[in-house]
Amino acid sequence: MKTVRDSMNLSKRGDPRLVILESFANATDRLIENYDLLAHRDLNGLKESGIDILEADIGVKFEEVTKAIFEELGLIIDEDIRKEINTAKDKADIVIALSNDDIVIGEAKTSKKGDFAKYSSTSRQVKAYVNRAENIGKRVAQVLIIAPSFSDNFIESAEMDTEVNISLLEASGLKMILDAFTSRRNPKFSPKLFTKGGLLKAELIAKNL
């Protein structure tokens with residue numbers, strides 16, 4: 001533990017394990033605060049905010065921070081189911097457990113160019129996850145895709161898809177929901193708010209927490 005602490009250039013005061021854990025917690029908090037920059041793969045903006053990250057690591061970090069936000073909202077992230085439906089080539093980003101059998105499959109997409117527009121490839125991807133989840137006895141209540149923003153065509157395609165229920169949520173909207181949640185004295189968040197379908201209205205969700 002001391003070797004790891006020293007390699008991370010952390011303080012030598014206190015319990016080495018706690019110092020390391022606190023360091024990771026602080027790093028996640030900073031990434032949550034700059035969640036929209038992460039979604040947009042804005043390296044310069046992240047560096048200005050004191051976050052040093054390689055572009056190759058942004059996608060994985062965005063997934064991790066999205067999971068952390070869901071956990072702060074009180075949702076249950078099920079890594080066991082996620083691993084069970086993953087293959088060597090295709091790996092679902094997030095699985096939220098609603099009950100013993102019902103789940104939400106989440107996909108976290110970054111985009112440097114702005115609107116996320118790759119509906120055909122994304123829909124093929126999530127439908128494969130849904131099929132594998134159903135094969136192990138799970139019911140996929142919804143697929144939730146988080147991205148910086150979505151093209152009009154992407155939104156229309158998701159709304160018209162008859163094979164799978166898809167909800168879309170902008171990254172800034174998810175951060176808005178988290179901010180509203182943490183500001184309430186006794187907040188209650190239901191994952192069913194993610195199952196409405198189409199482009200979700202984050203302002204309305206945040207207002208009614």
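The values are calculated or read from the model by the stated rules, or taken from the named source; none is laboratory data. Just so it is clear, the structure is predicted and the values come from calculations on it, not from any experiment. With ideal geometry, Cβ positions are generated from the backbone for all residues, glycine too; neighbour counts draw on all protein chains shown. Just so you know, the surface numbers come from the protein's heavy atoms only, side chains and all, with ligands and any DNA or RNA stripped out. Shrake-Rupley method; radii C 1.70, N 1.55, O 1.52, S 1.80 Å.
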Look through 175, 138 and report the one residue that is touching a residue at least 60 places away in the same chain (Cβ under 8 Å), of a type in the set (D, E, K, R) and surrounded by 13 or more Cβ atoms within 10 Å (Cβ to Cβ).
-> 175
Read through the list (1) surrounded by fewer than 16 Cβ atoms within 10 Å (Cβ to Cβ); (2) closer than 25 Å to residue 201 by Cα; (3) in contact (Cβ under 8 Å) with a residue 12 or more places away in the chain, then give the number of the only condition that residue 109 fails.
-> (1)
So is residue 70 touching a residue at least 40 places away in the same chain (Cβ under 8 Å) and either in a helix (DSSP H, G or I) or of a type in the set (Asp, Glu) (or both) or not?
-> no
Scan (1) open to solvent by 30 Å² or more (accessible area, probe 1.4 Å); (2) at pLDDT 95 or above for the single condition residue 184 breaks and write down its number.
-> (2)
Taking the residues in the range 153-168 that are of a type outside the set (A, V, I, L, M, F, W, C) and touching a residue at least 12 places away in the same chain (Cβ under 8 Å) as candidates, determine which candidate is most open to solvent (accessible area, probe 1.4 Å).
-> 163
